[in-house]
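The values are calculated or read from the model by the stated rules, or taken from the named source; none is laboratory data. The shown structure was predicted, so the numbers you read here are calculated from the model rather than taken from an experiment. Counting neighbours? That spans all protein chains shown, and the Cβs are built from the backbone with ideal geometry, glycine included. Calculation scope for accessible area: heavy atoms of the full protein, side chains included, ligands and nucleic acids excluded. Shrake-Rupley method; radii C 1.70, N 1.55, O 1.52, S 1.80 Å.
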Amino acid sequence: MSKTLISYFSRADENYFGGTLRYIEVGNTEVAVGQMKDLVDADVYKIQMETPYSAGYKACVEEAKKDWKADARPKIVGAPEQIDGYDRIILAYPNYCGTMPMAVFTFLEMYDFSGKTILPLCTNEGSGMGSSEKDIQRLCPGAVLKKGLSVRGSEAASSKELIAEWLKESEE
């Protein structure tokens with residue numbers, strides 16, 4: 001039986017949510033991960049930046065864009081010392097700049113994913129997976145990358161069936 005790690009990046013505060021900006025206490029990706037926790041036996045690690053982006057949406061976008069353009073690797077806190085004991089990694093993140101947040105790049109570059117299966121889940125409001133799957137494959141040579149799941153962030157709270165089907169398909 002394989003051991004699973006759900007690793008995710010999520011941002012609360014002011015978010016683009018269903019076409020408008022509003023303050024949310026739990027980020028959409030974290031909400032989707034919450035739906036997943038009942039479906040899979042897994043350890044969970046939330047990727048958190050040492051210096052988080054601003055709470056305001058527009059300022060956050062500018063900070064994320066600056067990091068993306070600089071190909072930055074923001075420091076993250078509390079990361080597992082190793083992931084050797086995991087066979088499967090469910091990697092969940094919002095779409096930032098057409099890919100993953102740069103803190104997710106930091107996480108992926110910390111470990112050797114050779115022989116591990118990675119299942120990417122990307123929350124967004126219509127921009128889909130972007131180039132995140134290609135970026136994961138590039139950053140994790142030797143990993144088995146399964147087809148990702150795009151979840152509309154504003155529908156994350158009702159995504160349990162969609163996630164269950166995706167998880168089932170990933171095992172085939």
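Tabulated results
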read-out	value
Inter-label distance for K65 and V26, nm, one decimal - labels placed 7 Å from Cα along Cα-to-Cβ	3.1
Part-to-part distance (alpha-carbon centres) for the range 87-111 and the range 123-164, which is given in Å	10
Proximal charge balance of D84 [Cβ under 12 Å; K/R count +1, D/E count -1]	-1
1.4 Å probe accessible area per residue over the range 24-172, in Å²	50
Simple spin-label estimate for K147 and Q48 in nanometres, 7 Å along Cα-Cβ	3.6
Solvent-accessible area, 1.4 Å probe, carbon plus sulfur percent, for the range 92-172	49
Length added when fully stretched, K37-K75, from 0.36 nm per residue minus Cα-Cα	11.0 nm
Top of L121, L91, L162 by mean-square fluctuation, Gaussian network on the chain, Cα under 10 Å	L162
Beta bridges per DSSP with both ends in the range 5-91, % antiparallel, nearest 5	50
Column: log10 I(q)/I(0), Debye, Cα scatterers of the chain, q = 0.10, 0.15 Å⁻¹	-0.34, -0.79
Difference of contour (0.36 nm per residue) and Cα-Cα distance, M110 to Q137	8.3 nm
Calculated FRET efficiency for the pair S127/S170, C-beta based, R₀ 25 Å, to 0.05	0.70
Fraction of beta bridges assigned by DSSP in the chain that are antiparallel (%, nearest 5)	25
Packing rank of 40-51, 9-20, 143-154, where each peptide gets the mean count of other beta carbons within 10 Å, highest leading	143-154, 9-20, 40-51
